[in-house]
Amino acid sequence: MSTEATQSTQEPVRPAPAGAHGYAADTDQPATDDTVAATDGSGSTDGAEVRHDPVGRVLPEFPEPALLAEHGPARIIAMCNQKGGVGKTTTTISLAAALAEYGRRVLVVDFDPQGAASVGLGINPNELDLTVYNAMMERDVDLHDVLRRTEVEGLDLVPANIDLSAAEVQLVGEVARESVLSRALRSVVDEYDVILVDCQPSLGLLTVNALTAAHGVMIPLECEFFALRGVALLVETIEKVRDRLNPRLEVDGILATMYDSRTLHAREVVQRVYEAFGDTLFHTVIGRTVKFPDASVAAEPITVYAPTHPGATAYRQLARELVARGDAA
Ligand SMILES: Nc1ncnc2c1ncn2[C@@H]1O[C@H](COP(=O)(O)OP(=O)(O)O)[C@@H](O)[C@H]1O
Ligand SMILES: [Mg+2]
């Protein structure tokens, strides 16, 4: 075991209050005292239950957002972490579907040559002639020619496939190579309320394009010991892009994913993220559950695949939290 892990186990950890971490927990297992959202009796006012998030902050009620009278222009959010397997694609799909349920017009831009967001939304990108690659690299291809409706009402997709991996190299010789995605999005931005860009696990030119196009960045972090490794580099990249290319760019929030409330380990990791980043950490935490991989096999967002599962509920809460923070319409 490395020194980092050894040291981290020696750091004092404030215990989360009772009932703090049940709302987004996995229910694949029988509920234990720890996974049930219990009240400790101490926080009640007017008989209303006061709930806490996993780091002990009072969990606000995020109201159901009012329906929008008109749509657009979109706020563009890049889903970013150069580490793979942290929940970027799952969060993109699930949050997009949850926002669409609330009547938002949402566009998911698959910006990873692996095409996982496309597959997860039921579209096999390998059979497609036109993807985000063509809209970026070919002047006569408009994003409207590329985008597809999904089975979720109000949720559209710009697919990607392996072609996109060539863009990373080809873009190097382009004029304004960092703002190619931004330009491609211009033709659709007025038709959506939110555009979510699912980045590939790297900090290369494609990710810089996503950050240059975006108003905000969301950073999903897996609840495990080395989660914070690399975040400093990511934040540095975000700051460079803000200074040099996109002054409006802000960090919307850090999202703890794959959280298992039954382990001290996961609680420690979230606590450390909170100590490092404060209220940039979303109140909403996504529990670890096999329903997410199951939903991606079914090529459906969890809100469709298992609409009443806590995993779906958690992403609806994240959607409401995002709107409540003013980071989405
Ligand atoms: N909350 C979760 N609980 C359990 N498994 C998850 C969760 N979120 C994502 N996964 C699974 O973990 C894997 C990686 O997630 P993914 O969203 O593809 O990450 P990334 O896009 O960052 O590489 C996928 O198999 C996905 O189904
Ligand atoms: Mg992904």
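Worth a mention:
- For residue 115, the conditions (1) at positive phi; (2) more than 11 Å from ligand 1 (Cβ to nearest atom); (3) out of contact with any Leu (no Cβ under 9 Å at 6 or more places or on another chain); (4) not charged (D, E, K, R) all hold with the exception of (3).
- The range 84-103: number of residues that are in contact with a Pro (Cβ under 6 Å, 6 or more places away or on another chain), of a type outside the set (Gly, Ala, Ser) and within 14 Å of ligand 1 (Cβ to nearest atom): 4
- Any hit, the range 273-289, residues being closer than 27 Å to residue 164 by Cα, touching a residue at least 40 places away in the same chain (Cβ under 8 Å) and in contact with an Asp or Glu (Cβ under 6 Å, 6 or more places away or on another chain): no
- Close pairs from the range 175-201: first farther than 19 Å from residue 328 by Cα, partner away from ligand 1 (no atom under 16 Å from the Cβ) and charged (D, E, K, R), Cβ under 6 Å, at least 6 apart: 187/142
- Residue within the range 239-247 that is more than 16 Å from ligand 2 (Cβ to nearest atom), in contact (Cβ under 8 Å) with a residue 24 or more places away in the chain and of a type in the set (A, V, I, L, M) present: yes
- Residue that is of a type in the set (A, V, I, L, M) and buried (at least 19 other Cβ atoms within 10 Å of the Cβ), where the choices are 213, 176: 213
- Cβ-Cβ under 8 Å pairs, at least 6 apart or on other chains, the range 257-270 side within 24 Å of residue 92 (Cα to Cα), far side of a type in the set (Phe, Trp, Tyr): 266/259; 269/225; 270/259
- Residue that is farthest from ligand 2 (Cβ to nearest atom) [pool: residues in the range 70-84 that are within 13 Å of residue 99 (Cβ to Cβ) and either of a type in the set (Lys, Arg) or part of a loop (DSSP other than H, G, I, E, B) (or both)]: 71
- Some residue of the range 58-66 being away from ligand 1 (no atom under 16 Å from the Cβ), modelled with pLDDT of 95 or more, under 30 Å from residue 213 (Cβ atoms) and not in a loop (DSSP other than H, G, I, E, B): no
- Near pairs, Cβ below 7 angstrom, 6+ apart or cross-chain, from the range 47-58 (acidic (Asp, Glu)) to any residue that is surrounded by fewer than 15 Cβ atoms within 10 Å (Cβ to Cβ): 49/39
Conditions (1) closer than 14 Å to residue 55 by Cα; (2) at pLDDT 95 or above; (3) away from ligand 1 (no atom under 16 Å from the Cβ), marked per residue:
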{"residue": "242", "(1), (2), (3)": "no, yes, yes"}
{"residue": "250", "(1), (2), (3)": "no, yes, yes"}
{"residue": "255", "(1), (2), (3)": "yes, yes, no"}
{"residue": "291", "(1), (2), (3)": "no, yes, no"}
{"residue": "295", "(1), (2), (3)": "no, yes, no"}
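- Residue 227 touching a Leu at 6+ places or on another chain (Cβ under 9 Å), at pLDDT below 95 and among the small types (Gly, Ala, Ser): yes
- Test result for residue 120, away from ligand 1 (no atom under 15 Å from the Cβ) and either buried (at least 16 other Cβ atoms within 10 Å of the Cβ) or without any contact (Cβ under 8 Å) to a residue 24 or more places away in the chain (or both): no
- Residues of the range 182-207 satisfying the condition of being under 17 Å from the mean Cα position of the chain (by Cα) and within 16 Å of ligand 1 (Cβ to nearest atom): 196, 197, 198, 199, 200, 201, 202, 203, 207
The values are calculated or read from the model by the stated rules, or taken from the named source; none is laboratory data. All figures in this text were calculated on a predicted structure; none of them were measured in a lab. Reconstructed Cβ throughout: ideal geometry from the backbone, glycine too, with neighbour counts over all protein chains shown.
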